[in-house]
Amino acid sequence: MAPKAIIAPSILSADFANLGHDCSKTISQGADWLHVDIMDGHFVPNLTWGPPIVAKIRGHVEKPTEAYGKGTFDCHMMIAEPKKWVKEFKKAGCDLYCFHYEAAFSTAAESPEAKSDKKTNPKELIKYIHDQGMLAGIALKPATSVDVLWEILESEDPKERPDMVLIMTVEPGFGGQKFMASELPKVQELRKRYPELNIEVDGGLGPSTIDQAADAGANVIVAGSAVFGAQDPSEVIALLREAVEKRNGKL
Ligand SMILES: O=C(CO)[C@H](O)[C@H](O)COP(=O)(O)O
Ligand SMILES: [Fe+2]
């Protein structure tokens, strides 16, 4: 069965002075998850927020009662040392920790636990995230081939397999960029091989680009400027959901 539509507004486009309010409002307007973009100024040339702010937002949005449920904090970790921050973000209320494949081989020398474990790799990191009680996602930048994922998705140990794959449809770092349709063949290939996988797309999604992404097989839709910049955000959220459901009906 095709996985259900999940709409995850990126709070990068929310009003930062009223984050708690904007986050609870978007959930009441029909959003399923909150997409929380974490940027460290190293992996990407921009900075956002860390665990204390995520914990504050958590206070405004009820924790999901089941895995993948309403109110899931989908943390998109655009950071150079993803292993180092797993426990802190779990404590802050993150439900899904989605790291970048390109950062997963980094040496986490500053992490006390990493001293005996100088390098991490994607499969170990996924297992580590699962062991901390979170769902695990793996994200690919536009320049990274989807072929790097097959070995990870086929891991013999289910704890090493991701719960979601994120295909970036812009260069990570900033909201409001132009959608890159060139990334959709990755989504098509993933959907062909894995009919039940949660496949997320992020960057430039909105009413004019959603059909292409949904037709390619994406079911988790991130939209920042299109939702928070809309006159009627609930209408945009409903439109994004409908496009994915329509495609699911075709299967
Ligand atoms: O990860 C991101 C940028 O790196 C954001 O999630 C993304 O850009 C969403 O913003 P928009 O929908 O405005 O493109
Ligand atoms: Fe993102």
Report task. For a footprinting-style exposure proxy, rank His100, His42 by other Cβ within 10 Å, fewest first. Result -> His42, His100
Query raised in the report: If you plug each phi of the range 166-178 into the Karplus form 6.51 cos²θ - 1.76 cosθ + 1.60 with θ = phi - 60°, what whole-Hz ³J(HN,Hα) values come out, in order, with x for Gly and Pro?
Result: 10, 9, 6, 10, 8, 5, x, x, 9, x, x, 8, 7
Requested in this report: Please give the net charge around Pro207, taking every other residue with its beta carbon less than 11 angstrom from that of Pro207, where Lys and Arg add +1 and Asp and Glu add -1.
Outcome: -3
**Report entry** Proximal charge balance of Ala2 [Cβ under 13 Å; K/R count +1, D/E count -1]
**Finding:** +3
Report task. For the range 145-161, just list the computed ³J(HN,Hα) in residue order, Karplus coefficients 6.51, -1.76 and 1.60, θ = phi - 60°, integers in Hz, with x standing in for Gly and Pro. Result -> 6, 5, 4, 5, 7, 4, 5, 6, 5, 9, 3, 5, 8, x, 5, 9, 9
Query raised in the report: Is the shape of the chain best called rounded, prolate or oblate, per the rule: a/c under 1.5 gives rounded, else a/b larger than b/c gives prolate, else oblate, with a ≥ b ≥ c the square roots of the Cα gyration tensor eigenvalues?
Result: oblate
**Report entry** Asn46 paired with Lys159, simple spin-label distance in nm, labels 7 Å along Cα-to-beta-carbon
**Finding:** 3.5 nm
Report summary line: Summing +1 per Lys or Arg and -1 per Asp or Glu among the other residues with Cβ less than 14 Å from Ala238's Cβ gives -3
Report summary line: Label model pair Glu62, Gln177: point-to-point distance (7 angstrom along the Cα→beta-carbon line) in nm is 3.6 nm
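If R0 is 22 Å, what FRET efficiency do you get for Ser28 and Asp211 from their C-beta distance, rounded to 0.05? Don't skip to the answer; put the middle values down first.
Values: r = 26 Å, r/R0 = 1.20.
Computed FRET efficiency for Ser28 and Asp211: 0.25.
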**Report entry** Dipole of the chain, positive end: most advanced residue of Ala136, Asn219, Ile11 [Cβ charges, Cα centre]
**Finding:** Ala136
Query raised in the report: Based on the Cβ-Cβ distance of Glu88 and Ser234, what FRET efficiency does E = 1/(1 + (r/R0)^6) give at R0 = 30 Å, to the nearest 0.05?
Result: 0.35
Report task. Could you check what % of the DSSP bridge pairs in the chain are antiparallel, to the nearest 5? Result -> 5 percent
Requested in this report: Before anything else, pin down the relative contact order of the range 6-246: Cα pairs under 8 Å, at least 6 apart, normalised by residue count, whole percent.
Outcome: 19 percent
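What helices does the chain have that are whole DSSP H segments, at least 24 Å long along their own axis by Cα, and with mean Kyte-Doolittle hydropathy of -1.0 or more?
TM-like helix candidates: 233-250.
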Query raised in the report: Whats the longest run of the chain with zero GluC sites (Glu not before Pro) that are DSSP loop and have at most 13 other Cβ atoms within 10 Å?
Result: 1-61
**Report entry** Segment Lys250-Gln188, extension gain: residue separation times 0.36 nm, minus the distance between their alpha carbons
**Finding:** 20.8 nm
Report task. Would you kindly enumerate the cysteines in the chain that have no other Cys beta-carbon under 4.7 Å from their beta-carbon? Result -> Cys23, Cys98
Report task. Enumerate the calculated ³J(HN,Hα) couplings along the range 37-48 in order (Karplus 6.51 cos²θ - 1.76 cosθ + 1.60, θ = phi - 60°), each rounded to whole Hz, writing x wherever the residue is Gly or Pro. Result -> 8, 9, 10, 10, x, 10, 5, 10, x, 7, 10, 10
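Just so you know, all these numbers are worked out from the coordinates, no wet-lab data involved. As the structure is a computational prediction, the values presented were derived from the model and not from experiment. So basically every Cβ, Gly included, is an ideal-geometry build from the backbone, and we count neighbours across all protein chains shown.
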